[in-house]
1. Excluding residues on the same chain fewer than 8 positions from residue 80, give the lysines whose Cα lies under 22 Å from its Cα.
2. Within 10 Å, at most 12 other Cβ atoms, and a DSSP state outside H, G, I, E, B define an exposed site. Report the longest part of the chain free of exposed GluC sites (Glu not before Pro).
3. Could you work out what % of the accessible surface of the chain is carbon and sulfur, using a 1.4 angstrom probe and leaving DNA, RNA and ligands out of the count?
4. Give me the number: length gained by fully extending residue 83 to residue 5, i.e. 0.36 nm times residue separation minus the C-alpha to C-alpha distance, one decimal in nm.
5. Relative contact order for the chain using alpha-carbon pairs under 8 Å, separation at least 6, rounded to a whole percent?
6. Taking the Cα centre of the chain as origin and charging only Cβ (+1 Lys, Arg; -1 Asp, Glu), how large is the dipole, in debye to the nearest 20?
7. Under a cut-off of 20 Å between alpha-carbon atoms, report the lysines in cross-link reach of residue 120, not counting same-chain residues fewer than 8 places apart.
8. If the cut-off is 18 Å between C-alpha atoms, which lysines fall inside it for residue 23, apart from same-chain ones fewer than 8 positions away?
Amino acid sequence: MRITTKTGDDGTTGLFHGGRVPKNSELPRAYGSVDEAQAFVALARAESDDAELSDLLGRICKDLYVLMAELATLPENRHKLDDGTSRVTAEMVEALEAVMEDLADRFEPPTEFVIPGGAKVPALLDVARTVVRRAERETIGAADEGEVVKYLNRLSDLLWTMARWQEGTSLMSKEAEGTVDG
């Protein structure tokens, strides 16, 4: 398989299930933003030494491939997509909500604005969250009335929750090491 096809040299890109569009059109902008968000989620995963967080972020990366497949398909071809494989489902959104509820029960949520950067992994999760928010905005016009926008909305909330959870974990580790004054 060749990496370089040269078919995009004219400024267009091929879509899933056929069709070509300009690279700066709505669909590539939307799935490109999601691709960027996925890269930041993957970076947070790579920096984490927490097995549970790594597993959760790995599942999110897989979900984002599904989401990108849906966005990389012309609306008239979306009937060809498969739930959970190339089309986002309500169950995928509900799964994010369940994880968020579970994690939120593990820490006391902040009562004031949070200044990110207390530790590397939570900061990366905050960057991923902001990129997901932008992807959500880019996706609104490109997505059908399905679950894509809902998924991204919940994902940004979950990433915020994960960052706060990890901040608490990081602080507890520093306290245990004696590197934080209590």
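1. Answer for residue 80, where 22 Å is the Cα cut-off: 62, 150, listed by chain and number.
2. Longest run free of exposed loop sites: 1-111.
3. Details: 5320 of 10190 Å².
Carbon and sulfur: 52 percent of the exposed surface of the chain.
4. The residue 83-residue 5 span can extend by a further 25.1 nm.
5. Here the relative contact order equals 25 percent.
6. 960 debye
7. Within the straight-line limit of under 20 Å, residue 120 reaches these lysines: 174.
8. 6
The values are calculated or read from the model by the stated rules, or taken from the named source; none is laboratory data. These numbers were taken from a predicted model, which means no experiment stands behind them. For neighbour counting, all protein chains shown are included, and Cβ atoms are generated from backbone atoms with ideal geometry for every residue, glycine included. Only protein heavy atoms, including side chains, enter the accessible area calculation; ligands, DNA and RNA are left aside. Shrake-Rupley method; radii C 1.70, N 1.55, O 1.52, S 1.80 Å.
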